[in-house]
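J.: The structure that follows is given in the form of structure tokens.
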Amino acid sequence: MSGSDWKKVTSTQHYSPSHYLTPQRLASVGHQIALANSHFAGCDFLEIGVGSGLTAQLLREQGTLVTTLDIDERLCPEIIGSVTKIPMPDASVDCFICCQVLEHLPWEALESALEELFRVSRKGGIISVPTNRPFVQVSWYSAIRTFKRRFPVFWIRNQPIRVINDTHYWELGSNVRTVDFQSALAKKFTITKDYQANENPYHHFFCLLKDN
């Protein structure tokens, strides 16, 4: 994807908090922070895709060093560049956060992106991508405990891609199988956590460790 194509996708207007930071997206940011703290405590991060800026802000407020990278200079990243060609030396950061970014690349570019994330990180990182895998969720709440469980709906296939201005090339459960994405990740990393957030099942999270 060229720089001009990416500039059609990202803009400060698109990421304005008034409409971008929905309760579901805020929950996903919370999952990014929780995964960073539980799996990569004390590490510094390269965040791929500035987005609203909230993830980097919250990590920095707790004392975490974060460097941001984005191809859109209007979002004011520390580094301007693409995830398929990160302008950083090998093993220059502990970990990466790359959430809701990879689907904006053609599927054929995924291998290059994962190669770059592997190259610049020392330990691994966090990825999330959109999924359209259909399911039924059962929820039960009480003052003592909250219970939620999802049951996949296997007879529904090939869900439409939920796009904004046709910016998504692929989504899990639509035109890409989840198992194929997992296999691509496993070529470079060990998947230590793999789940959809209860509060926002559209975002599928993967916690990855680099095999040194």
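The values are calculated or read from the model by the stated rules, or taken from the named source; none is laboratory data. Computed from a predicted structure; not experimentally measured. Positions of Cβ are generated from backbone atoms using ideal geometry, with glycine treated the same way; all protein chains shown enter the neighbour counts. Side chains included, ligands, DNA and RNA excluded: accessible areas come from the protein's heavy atoms. Shrake-Rupley method; radii C 1.70, N 1.55, O 1.52, S 1.80 Å.
J.: Determine which single condition Trp6 fails, assuming it passes every other condition in (1) of a type in the set (A, V, I, L, M, F, W, C); (2) open to solvent by less than 60 Å² (accessible area, probe 1.4 Å); (3) at pLDDT 90 or above.
T.: Unmet condition: (3).
J.: Further, regarding this structure: Which residues, counting only those in region 51-68, are out of contact with any Phe, Trp or Tyr (no Cβ under 9 Å at 6 or more places or on another chain) and hydrophobic (A, V, I, L, M, F, W, C)?
T.: Result: Leu54, Leu58.
J.: For region 171-201, which residues satisfy the criterion of being of a type in the set (D, E, K, R) and more than 15 Å from the chain's Cα centre (by Cα)?
T.: Across region 171-201, the qualifying residues are Arg177, Asp180, Lys187, Lys188, Glu199.
J.: Considering region 61-114 alone, what residues qualify as being surrounded by fewer than 20 Cβ atoms within 10 Å (Cβ to Cβ), hydroxyl-bearing (Ser, Thr, Tyr) and part of a strand (DSSP E or B)?
T.: The one that is surrounded by fewer than 20 Cβ atoms within 10 Å (Cβ to Cβ), hydroxyl-bearing (Ser, Thr, Tyr) and part of a strand (DSSP E or B): Thr67.
J.: Quick check: is even one residue across region 159-173 among the acidic types (Asp, Glu), at pLDDT 95 or above and over 25 Å from Arg60 (Cα atoms)?
T.: Within region 159-173, not a single residue is among the acidic types (Asp, Glu), at pLDDT 95 or above and over 25 Å from Arg60 (Cα atoms).
J.: Counting only residues that are at pLDDT 95 or above, surrounded by fewer than 19 Cβ atoms within 10 Å (Cβ to Cβ) and aliphatic (A, V, I, L, M), which one in region 187-209 is nearest to Ser128 (Cα to Cα)?
T.: It comes out as Ile191.
J.: Working only within region 175-212, note down all residues that are acidic (Asp, Glu) and assigned to a helix (DSSP H, G or I).
T.: If the condition is that a residue be acidic (Asp, Glu) and assigned to a helix (DSSP H, G or I), then Asp180 is the only one that fits.
J.: List the pairs whose first member sits in region 174-197 and is on the phi < 0 side of the Ramachandran plot and among the hydrophobic types (A, V, I, L, M, F, W, C), whose second member is modelled with pLDDT under 90 and not in a strand (DSSP E or B), and whose Cβ atoms are under 9 Å apart, counting only residues at least 6 apart or on separate chains?
T.: Listed pairs, sorted by first residue: Phe189/Asp211; Ala197/Gln24; Ala197/Ala27.
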